[in-house]
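The values are calculated or read from the model by the stated rules, or taken from the named source; none is laboratory data. Just so we're clear, the structure is a prediction, and the values are computed from it rather than from any experiment. For neighbour counting, all protein chains shown are included, and Cβ atoms are generated from backbone atoms with ideal geometry for every residue, glycine included. Surface areas here come from the heavy atoms of the whole protein model, side chains and all, with no ligands, DNA or RNA. Shrake-Rupley method; radii C 1.70, N 1.55, O 1.52, S 1.80 Å.
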Amino acid sequence: MNPSVEAPPTVANAVVALLNPPNTTTHQLKPATPSEFTGDCMKGHAFLNSCDLYIGLAPTQFTNDQAKIYWVLSFMKGDHAAHFAD
């Protein structure tokens, strides 16, 4: 094989390139923070899901579990949630 001629890309290389695009931006996207939670039981799962999503998308912002807990408590405002957070 002639060393000056490049080998054609393989399917595996193409898949890797699609899954790992080059980093063209210098900053990362910031996920939306959860809405304030008042303790409404009908909105509890949505609040927990949005907290979990944020923590999963921005794990470097939380140094430990205690930081995650304090962050979640900061969104618990009004009514029953505020009493629980206190």
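Descriptive notes on the structure:
- Taking the criterion of being without any contact (Cβ under 8 Å) to a residue 12 or more places away in the chain, assigned to a helix (DSSP H, G or I) and of a type in the set (D, E, K, R), the residues of the range 28-86 that qualify are K43, D52, D65.
Here is a yes/no grid of residues against (1) at pLDDT below 90; (2) surrounded by 14 or more Cβ atoms within 10 Å (Cβ to Cβ):
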| position | (1), (2) |
| --- | --- |
| L19 | yes, no |
| P34 | no, yes |
| L57 | no, no |
| T60 | no, no |
| N64 | no, no |
| A67 | no, no |
| D79 | yes, no |
| A85 | yes, yes |
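- Residue check for L73: within 17 Å of the chain's Cα centre (by Cα) and not β-branched (V, I, T): no
- D52 open to solvent by 90 Å² or more (accessible area, probe 1.4 Å) and within 18 Å of P31 (Cα to Cα): yes
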